[in-house]
Amino acid sequence: MRKMERGASIIIHKWVRLKPWDRLLIVISKEYEQEAKALRRQASTVTRSVSVLLVENKGMHVGMFFDDNEEIFDPYTTIIAATEYSLVTTKAAKRAIRRHKKFLSLPLSTNDGRSMLRYDFLMMDTKKSRMLSKVIMKYLKTPPASESQPRQGLT
């Protein structure tokens with residue numbers, strides 16, 4: 001449980017950077033209630049406005065509800081979609097992002113059954129990760145000088 005609290009703290013304080021004036025909505029399915037509680041506890045140390053929306057576990061089809069209810073995120077400034085499948089492609093998420101709300105898609109499904117909030121990768125420095133991803137993306141987008149010359153690996 002301690003690792004889950006640490007993971008929830010990282011999500012709330014470092015990834016989302018929740019502020020006292022934020023109105024947070026955590027979207028979660030029933031099987032991830034422990035993660036919802038951990039996220040809520042951490043968020044409550046920052047803001048008084050924390051709501052949890054429990055969605056039915058309908059697999060990848062849960063997104064249809066968020067396509068049919070596009071305005072559902074309007075009252076919130078920050079949304080954490082901690083569901084089995086990503087909600088970022090739904091109409092509601094696109095609307096929230098267009099309106100400059102903070103939206104974190106946090107699919108919690110893992111191959112080994114452990115909670116996503118227990119993984120050590122959450123402790124990575126987000127600034128360092130962002131810089132590294134830019135370097136990797138530039139590398140991937142740059143074509144080799146010629147097809148006969150293999151691309152040199154990253155060091």
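The numbers here are math on the coordinates, done by the rules we state, and not lab data. What you see is a predicted model; the values in this text were computed from it and never measured. Note that we place each Cβ from the backbone using ideal geometry, even for glycine, and neighbour counts take in every protein chain shown.
Assorted remarks:
- For the stretch 71-82, 3J(HN,Hα) per residue [Karplus equation, 6.51 cos²θ - 1.76 cosθ + 1.60, θ = phi - 60°, Hz, x = Gly/Pro]: 8, 4, 8, 3, x, 10, 9, 9, 10, 10, 9, 9
- Model label points for D112 and E71, set 7 angstrom from Cα along the Cα-to-Cβ axis, are 4.5 nm apart.
- Long-range HN-HN contacts of I79 with modeled amide H, under 5 Å: L25, K102, F103, L104
- Once backbone amide H atoms are built at 1.01 Å from N, V52 has I26 as its partners under 5 Å, excluding neighbours fewer than 5 places away on the same chain.
- Under the Karplus curve 6.51 cos²θ - 1.76 cosθ + 1.60, θ = phi - 60°, whole-Hz ³J(HN,Hα) for the stretch 91-103, x wherever Gly or Pro sits: 4, 5, 5, 4, 5, 4, 5, 4, 8, 6, 7, 7, 10
- Loop-located trypsin sites (Lys or Arg not before Pro) in the stretch 1-73 (DSSP state not H, G, I, E or B) with no more than 11 neighbouring Cβ atoms inside 10 Å: R48.
- The stretch 7-22 - phi-based ³J(HN,Hα) in whole Hz, Karplus 6.51/-1.76/1.60, Gly and Pro as x: x, 4, 4, 5, 4, 6, 8, 9, 7, 7, 6, 4, 10, x, 8, 5
- Note that the stretch 1-98 shows a convex hull volume over its alpha carbon atoms of 89 Å³ per residue.
- Shape analysis of the stretch 42-96 yields a ratio of the Cα radius of gyration to the Kirkwood radius, Rg/Rh, of 0.98.
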